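Undergrad: Sharing a structure below in structure tokens format, with a few things to ask.
The values are calculated or read from the model by the stated rules, or taken from the named source; none is laboratory data. Keep in mind the model is a prediction, meaning the values are calculated, not measured. Here the Cβ is made from the backbone with ideal geometry for all residues, glycine too, and neighbour counts use every protein chain on show. Quick note on the areas: whole protein, heavy atoms, side chains included, nothing else; ligands and nucleic acids left out. Shrake-Rupley method; radii C 1.70, N 1.55, O 1.52, S 1.80 Å.
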Amino acid sequence: MEEVQPPVTPPIEPNGNRSETSLLELCEKSLSLEGSICDEVLKLFTETKRILSANMANIGNGTREEVERFWFAFVLYSVKRLTARKEAEGLSVSGYNGFNLCQILRALKLNIVDFFRELPQFVVKAGPVLCELYGADWENRLQAKELQANFVHLSLLSNYYKRGYREFFLTYNANAEKTSASSASYLPDSYRFGWLLFLALRNHAFSRFKDLVTCTNGLVSVLAILIIHVPCRFRNFSTQDSSRFVKKGDKDVDLVASLCKIYDASEDELRKIMHKANNLIETILKKKPSSASECQTDKLDNINPDGLTYFEDLLDETSISTSLSTLEKDYNDSVCSKGGLELDERMFINEEDSLLGSGSLSAGAVNITGVKRKIDSLSSPARTFISPLSPHKSPAAKTNGISGTNKLTATPVSTAMTTAKWLRTVICPLLPKPSPGLEHFLKSCDRDITSDVTRRAHVILEAIFPNSSLGDRCTGGSLQPVNLMDDIWAEQRRLEAVKLYYRVLEAMCKAEAQILHANNLNSLLTNERFHRCMLACSAELVLATHKTITMLFPAVLERTGITAFDLSKVIESFIRHEDSLPRELRRHLNSLEERLLESMVWEKGSSMYNSLIVARPSLALEINRLGLLAEPMPSLDAIAALINFSEGSHHASSIQKHENCSGQNGDIRSPKRQCTDYRSILVERNSFTSPVKDRLLAFSNVKPKMLPPPLQSAFASPTRPNPGGEGETCAETGINIFFTKINKLAAVRINGMVERLQLSQQIRESVYRLFQHVLAQRTSLLFNRHIDQIILCCFYGVAKISQMSLTFREIIYNYRKQPQCKPLVFRSVFVDSLQCRRQGRIGPDHVDIITFYNEVFIPAVKPLLVEICPVRNDQCVEANNKPEGQRAGSPKVSVFPSVPDMSPKKVSAVHNVYVSPLRGSKMDALISHSSKSYYACVGESTHAYQSPSKDLSAINNRLNNISNRKRTLNFDVEAGLVSDSMVANSLNLPNQSQNQNQNGSDASSSGAAPLKTEPLDS
């Protein structure tokens, strides 16, 4: 079989020192670095120069000059972050002049978006070198993911603030000449004052756990202060507008309540933050506060003054320039006292700053500049309609004014505030202890385990949201004790998580009792891993609601000692048993399950291997050779000791005793996720970008006709017989369900690629059958890899054996446009370097996908490929190894499954036109006097936007010109999560699927359909 050739790029001079000279000049002249810091930079560059030479084609545009600039930036940033610890530990590092990432990028003429887009390449490739030079904890100290999340947050917040400011204030003087108004870039000094006051709040009044919800409340409080201090001639609102403002009594406007109504903020939180902001104005700007009720000013007309503070001349023309200078100085002093922030947060209100860059981070999940999306983003239903961080804004939405548009046009920040409102109004009023209904189940076990459950919840949530151990002191220029702010934040998050945990646990117990017809759920409720998974899931939802930047997933896994495979067992049940869960949090859990299935469960240290080694004994040798088994899960006492949790030893000993009882924890090697693989950093999708830029997994909202299987069997010992599994062990049942979920996810992604490449259905079925065979018979190919890597190789293998003119370049080009695409999927594929050395080959642990295809994939799957896609007589394919038979217990191989249609659904093979059924609530009102069906449409326009009717007419005309036959649009079940119960019930399929497999086995043996692909362009 013909092999594809990897691209060849000219290497950087291995013996030359031109690069080192340029780097040294950059350090000394542009950044003014001296002494050992320059030596550190040159040392790291020298150690990674060989890696740079081998990966030039994968970074930037591939030109030597740009690749070198990127590599310089990566090296400088790494040295900055990883040597900072030496100073903190008292080790002298001369020449550290407080340079930061912004200074690095300005000196190298790069922007932040491109930097973060390319950084994962350096992290993965140079990971072993960084580990050797800076220690095993280099990933945590690098803080690359946190910094990227912070950048995305600030980008979103700055856009949110600008919209809010323009809704309340004019961006020009109403009495000035009209020429001033025509300047779109002009924003008054009060706008800059508000942002600087917000930054002062972040630096002095907020905890180090800066989350999006708290920061948004800070911006709303700034708007409130601006409303009562900006001169009336700059106002863009009237206090008589009843649609905007809530009146207290009969006449005066309640300003705080009005802003909370508009922005879904908490009135209590808003008043607290306003109090902190007023204290900062008094402390930093030396302004004298006055009660608003005692002040006579037209700025407070028709505004209820109760609880408001007023500062005389705060934003008047005579004093605002002085206030701006003072806030600027305070920010500079704060940055210097913290050792230098990587990002200058003041740049976010200057759109002209080239450092911000253009484009998007995380595969289009967050639009940084706010420029108009490319039409391809509209062609991705998931990206346009599913991702709450990529909301589609109607062209008719008004830029100025709140009325009517604020509630209709979703933004990333408004979505976060809406979700936080659910947590505040539904979960927070609950008691932080088991309800009487839950206590009934806990007391109905073999013994009363109420105290065990409450203590476990306390310990685990303390580990996830720890109290500060910094002491009662001020740091980083903060005007308040750091530990006090952190402890308050952590305590609030723990309370929210424990209340959600008890609420869902009770619902699960009721459902389990209905299935088992018994109230004694001892096997489930005494299982340590089950409770930790539930607590981790609750904590993750709290973190996702507030959108923190310091505890990104999988932090909850690491702090609770569970693995991705463990968490995947409770996600579907968690969603099913919490009816009030907001749509965005359901999507967040949905995206987590997809991340778990696509790569995380295949990583080293996953508990999936502990079950797989029991269910597939033939894989034991390979699993043990690669060291993939999970380590034992740390005991509760070990976690309590780690966080200095002081409690009576007699009670702790009781917990430990019951943990080790047979049939409770079950698995002797309870897993602990290992995080030593360099692929983990920045490869994972960030919860602050797009909770679901992938297509949703199927069937989440479909209620099964039969009761689901008992949840306790999912957490039983792998070697324990499954009561309902006809002789199967729990491991075999669990692995079969897991494999079926993997096949369903692969089917969705294969279908998406087929539609994009416009391939025939025969090719689609061949690719899917090949993937099924690989999963069942060559399972080890997925070890330490991403399922998309296998799918891409399956596409090229089927294309070659079917004699299609489809190149790997075209496959990757179109894969880049898929919503789940991550560049590292095809740039960095794991290979077993030890096995390569045994075969006489020397190479890295990670290679590009073309090398993986040639050296690993094809030698392993060639027999399967020949079996699935019989070659023509005129095609010579050597198959040295006979195909293996299907393993006992492996999933049955069938033709392509019936995947539910995604909404919106593509209805044109040529044009990017999608339709989506109208929501039931709106449809009832529209069709009450009509028998017609209504659909929401979005698609390419042939001209600039004019009106909905004209655009819809253009779409209809284009569709009608393609074909005169009537088109029928079939909308099946709503897309969502793969239900465990549905998968379990589908394992024993009727003979129909086998017959279909026999009938379709040679479907792809006929001539290949003509290949249609999008043009290759830059």
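Undergrad: Looking at the range 302-325 only, could you name the residues that are touching a helix residue (DSSP H, G or I) at 6+ places or on another chain (Cβ under 8 Å) and closer than 16 Å to Ile227 by Cα? Don't jump to the end; show me each part of the working.
TA: So in the range 302-325, the residues touching a helix residue (DSSP H, G or I) at 6+ places or on another chain (Cβ under 8 Å) come out as 303-311, 314-315, 320-321, 323-324.
Residues satisfying the conditions are Ile303, Asn304, Pro305, Asp306, Gly307, Leu308, Thr309, Tyr310, Phe311, Leu314, Leu315, Ile320.
Undergrad: Collect the residues in the range 149-167 that are under 17 Å from Thr550 (Cβ atoms) and open to solvent by 20 Å² or more (accessible area, probe 1.4 Å), keeping them in residue-number order.
TA: Asn150
Undergrad: Quick check on His517: is it out of contact with any strand residue (DSSP E or B) (no Cβ under 9 Å at 6 or more places or on another chain) and closer than 24 Å to Pro466 by Cα? Walk me through it before giving the result.
TA: On the way: out of contact with any strand residue (DSSP E or B) (no Cβ under 9 Å at 6 or more places or on another chain): yes; closer than 24 Å to Pro466 by Cα: no.
No: the conditions fail for His517.
Undergrad: A further question follows. Does Ser611 count as assigned to a loop (DSSP other than H, G, I, E, B), open to solvent by 10 Å² or more (accessible area, probe 1.4 Å) and among the hydroxyl-bearing types (Ser, Thr, Tyr)? Talk me through it step by step, then tell me what you get.
TA: Details: assigned to a loop (DSSP other than H, G, I, E, B): no; open to solvent by 10 Å² or more (accessible area, probe 1.4 Å): yes; among the hydroxyl-bearing types (Ser, Thr, Tyr): yes.
In short, no.
Undergrad: Which of the residues that make up the range 102-117 are assigned to a helix (DSSP H, G or I) and open to solvent by less than 30 Å² (accessible area, probe 1.4 Å)? Can you show your working first?
TA: Taking the range 102-117 and keeping what is assigned to a helix (DSSP H, G or I), we get 102-108, 112-117.
Answer for the range 102-117, where residues must be assigned to a helix (DSSP H, G or I) and open to solvent by less than 30 Å² (accessible area, probe 1.4 Å): Cys102, Ile104, Leu105, Leu108, Ile112, Val113, Phe115, Phe116.
Undergrad: Residue under question is Ser580, and the condition is that it be in contact with a helix residue (DSSP H, G or I) (Cβ under 7 Å, 6 or more places away or on another chain), at pLDDT 90 or above and surrounded by fewer than 21 Cβ atoms within 10 Å (Cβ to Cβ); does it hold?
TA: Yes; evaluated as a whole, the condition is true for this residue.
Undergrad: Against the condition at pLDDT 85 or above and surrounded by 14 or more Cβ atoms within 10 Å (Cβ to Cβ), how does Ala879 come out, does it pass?
TA: When the stated conditions are applied, Ala879 does not pass them.
Undergrad: Does the range 517-526 include one or more residues that are touching a residue at least 24 places away in the same chain (Cβ under 8 Å), under 16 Å from Leu461 (Cβ atoms) and outside the structural domain of Val152 (by the TED database)? Write out each step before concluding.
TA: In the first step, residues of the range 517-526 are kept if they are touching a residue at least 24 places away in the same chain (Cβ under 8 Å); the result is 519-526.
Of the ones still in play, those that are also under 16 Å from Leu461 (Cβ atoms) are none.
No: the range 517-526 contains no residue that is touching a residue at least 24 places away in the same chain (Cβ under 8 Å), under 16 Å from Leu461 (Cβ atoms) and outside the structural domain of Val152 (by the TED database).
Undergrad: Condition first: open to solvent by less than 20 Å² (accessible area, probe 1.4 Å) and in contact with a strand residue (DSSP E or B) (Cβ under 6 Å, 6 or more places away or on another chain). Can you find one or more residues in the range 212-225 that meet it? Full working, then the answer.
TA: Step one: of the range 212-225, the residues open to solvent by less than 20 Å² (accessible area, probe 1.4 Å) are 212-213, 215-225.
With the extra rule that they be in contact with a strand residue (DSSP E or B) (Cβ under 6 Å, 6 or more places away or on another chain), the set shrinks to none.
Looking for residues that are open to solvent by less than 20 Å² (accessible area, probe 1.4 Å) and in contact with a strand residue (DSSP E or B) (Cβ under 6 Å, 6 or more places away or on another chain), one finds none in the range 212-225, hence no.
Undergrad: Please list, ordered by first then second residue, the pairs with beta carbon atoms under 7 Å, 6 or more apart or interchain, first in the range 799-828 and farther than 18 Å from Glu755 by Cα, second charged (D, E, K, R) and surrounded by 20 or more Cβ atoms within 10 Å (Cβ to Cβ).
TA: Val825/Asp788; Ser828/Arg679
Undergrad: Right, something else. Condition (residue is part of a loop (DSSP other than H, G, I, E, B) and open to solvent by 10 Å² or more (accessible area, probe 1.4 Å)) applied to the range 485-503: is it met by at least one residue?
TA: Here is the first cut: in the range 485-503, the residues part of a loop (DSSP other than H, G, I, E, B) are none.
Within the range 485-503, not a single residue is part of a loop (DSSP other than H, G, I, E, B) and open to solvent by 10 Å² or more (accessible area, probe 1.4 Å).
Undergrad: Looking only at the range 157-205, how many residues end up being of a type in the set (Asp, Glu) and either at pLDDT 50 or above or assigned to a helix (DSSP H, G or I) (or both)?
TA: First, pick out the residues of the range 157-205 that are of a type in the set (Asp, Glu): 167, 177, 189.
Filter once more, keeping what is either at pLDDT 50 or above or assigned to a helix (DSSP H, G or I) (or both): 167, 189.
Going through the range 157-205 one residue at a time, the tally reaches 2.
Undergrad: Here is a follow-up. Just to be sure I understand the filter: pairs with C-beta atoms under 9 Å, separated by 6 or more residues or on different chains, first member in the range 10-36 and in the same structural domain as Lys49 (by the TED database) and assigned to a helix (DSSP H, G or I), second member at pLDDT 75 or above and among the acidic types (Asp, Glu). Which pairs pass?
TA: Matching pairs, first to second residue: Ser19/Glu68; Ser22/Glu68; Leu23/Glu68.
Undergrad: For the range 436-472, give me each residue that is among the hydroxyl-bearing types (Ser, Thr, Tyr) and in contact with a helix residue (DSSP H, G or I) (Cβ under 6 Å, 6 or more places away or on another chain).
TA: Here is the first cut: in the range 436-472, the residues among the hydroxyl-bearing types (Ser, Thr, Tyr) are 444, 450-451, 454, 468-469.
Residues satisfying the conditions are Thr450, Ser468.
Undergrad: Out of everything in the range 430-445 that is part of a helix (DSSP H, G or I) and open to solvent by 70 Å² or more (accessible area, probe 1.4 Å), what residue ends up being nearest to Gln492 (Cα to Cα)?
TA: Only one residue tops the list, namely Pro436.
Undergrad: Does the range 588-599 contain any residue that is farther than 22 Å from Leu535 by Cα, over 29 Å from the mean Cα position of the chain (by Cα), modelled with pLDDT of 90 or more and in a loop (DSSP other than H, G, I, E, B)?
TA: Applying the first criterion (farther than 22 Å from Leu535 by Cα) to the range 588-599 yields 598-599.
After this cut, where a residue has to be over 29 Å from the mean Cα position of the chain (by Cα) as well, the list is none.
No: the range 588-599 contains no residue that is farther than 22 Å from Leu535 by Cα, over 29 Å from the mean Cα position of the chain (by Cα), modelled with pLDDT of 90 or more and in a loop (DSSP other than H, G, I, E, B).
Undergrad: Within the range 241-295, can you find the residues that are touching a strand residue (DSSP E or B) at 6+ places or on another chain (Cβ under 6 Å) and within 25 Å of Thr425 (Cα to Cα)?
TA: Once the filter is applied, which keeps residues that are touching a strand residue (DSSP E or B) at 6+ places or on another chain (Cβ under 6 Å) and within 25 Å of Thr425 (Cα to Cα), the range 241-295 yields Phe245, Lys247, Val253, Asp254, Leu255.
Residue-by-condition table, conditions (1) open to solvent by 20 Å² or more (accessible area, probe 1.4 Å); (2) under 30 Å from Ser78 (Cα atoms); (3) among the acidic types (Asp, Glu):
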site: Gly249; (1), (2), (3): yes, no, no
site: Lys287; (1), (2), (3): yes, no, no
site: Ala292; (1), (2), (3): no, no, no
site: Glu317; (1), (2), (3): yes, no, yes
